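Beneath this line is the structure, given in structure tokens, with notes to follow.
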Amino acid sequence: MEKLTRRLLPGLAAALLPGVGRAQSWPDHAVRLIVPTAPGGPTDVMARVIAPGLGGVLGQSMVVENRGGAGGNIGVAVAARAPADGYAVLVTSTGFVVNVSLFRNAGYSVDEFMPVTELGAAPNVFLARADSGITSMAELVAKARATPGGLNFTNPGSGSTPHLAAELLRLRTGIELVQVAHNSAGLAVQALLAGTTQVGATSLPPALSQVKGGTLRALAVTASERFPDLPDVPTMQELGYPDFVSETFISMFLPLGTPAAIVGKLADATLKVVHEPGTKAKLLAAGFNVSGARGPEALANRVAREVPMWRDLIRRAGIAQE
């Protein structure tokens, strides 16, 4: 892990060296926030919440550019190949650290990027339609055991952390689940609302309004503690599943070679925005906790920790590389 962390922090110690001149004039025109998913998912929500404040701090427009496809790999590869001048910023989810193990060739490597900061994290949530008759995780497990061939289970995409959380549930309980993958969390929620599947998992943000509105039932969250806006929803750990913690974390990166002073300037501006009380409240209402937003080194450490963690779960779950 230490070796990967070192590879993810090239040039940060030199933040006060030659890049300073360029950082003083950066940005002098609009900056692209490349989101490697379709609109409506948690990454897109995060980018659109922070873009206005970030533009205000930096004095230029922040343009959200959705580049979905291939489980997020297309947009990440676009960002990796962009000029390292600070005008193409990758805003991505946990798929960034998962896909390098899920795909034989993801089209990028994590060490092609310089970490800026984590933006926020959301627990995954196990969901059931309100009219499904399933009111708890125990009932979901019992229903799966009683369903020949396995229970259809919707998720936001193969390799997403909700998909992997369901695989972990399968490994822990021995139940069978037929994973029904969609191209985004928004589409997974729509599948539940339409009744094409009765149960599933997504990250919390795209499902939160439906849970509060009563059309979907939150059975459990995968956080280490209950989510403040859903105080009656238990964690998986409370339900007797030790160490069952997984999050969809959203983070910001720049292409390798971007002047470290620009990385630092963007990190400082972004941290100011996400911790501003109004923005923080909006993100909490959307299902995000921003306590992990602490800058480049903390993000580098998280990437170095999670790449092998997800690789191990993918191996144990027997998920074939795509």
Entirely in the range 150-204, the strands (runs of 3 or more DSSP E) that have 3 or more residues that are crowded, with 19+ Cβ neighbours inside 10 Å and outside the structural domain of Gly71 (by TED's automatic domain parsing): 151-155, 199-203
Single unsatisfied condition, Gly120 versus (1) surrounded by 20 or more Cβ atoms within 10 Å (Cβ to Cβ); (2) small (Gly, Ala, Ser); (3) free of Cβ contacts under 8 Å to residues at least 12 places away in the same chain: (3)
Could you grab the pairs with beta carbons closer than 8 Å, sequence gap of 6+ or different chains, first residue in the range 24-46 and over 12 Å from Ala79 (Cβ atoms) and touching a residue at least 40 places away in the same chain (Cβ under 8 Å), second one crowded, with 17+ Cβ neighbours inside 10 Å and among the charged types (D, E, K, R)? Trp26/Lys265; Thr37/Asp44; Ala38/Asp44
If you go through the range 215-231, how many residues are under 17 Å from Glu139 (Cβ atoms), among the charged types (D, E, K, R) and within 19 Å of the chain's Cα centre (by Cα)? 0
Of all residues in the range 206-240, count the ones that are part of a helix (DSSP H, G or I) and among the polar types (S, T, N, Q). 2
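Out of Gly240, Gly213, Gly278, which single residue is surrounded by fewer than 24 Cβ atoms within 10 Å (Cβ to Cβ), of a type outside the set (A, V, I, L, M, F, W, C) and assigned by TED's automatic domain parsing to the domain that holds Gln24? Reasoning before the result, please.
Details: Gly240 fails: assigned by TED's automatic domain parsing to the domain that holds Gln24; Gly213 fails: assigned by TED's automatic domain parsing to the domain that holds Gln24.
Unique residue meeting the criteria: Gly278.
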Expected output for the range 60-72 (first residue charged (D, E, K, R), partner assigned to a helix (DSSP H, G or I) and buried (at least 18 other Cβ atoms within 10 Å of the Cβ), Cβ below 6 Å, 6+ apart or cross-chain) is Arg67/Gly75; Arg67/Val78
Looking at the range 241-261, which of its residues are in contact with a helix residue (DSSP H, G or I) (Cβ under 7 Å, 6 or more places away or on another chain), part of a loop (DSSP other than H, G, I, E, B) and not aliphatic (A, V, I, L, M)? Tyr241, Phe244, Ser246, Pro259
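The values are calculated or read from the model by the stated rules, or taken from the named source; none is laboratory data. All values reported here derive from a predicted model rather than from experimental measurement. Heads up, the Cβs are rebuilt from the backbone with ideal geometry, glycines too, and the neighbour counts pull from every protein chain shown.
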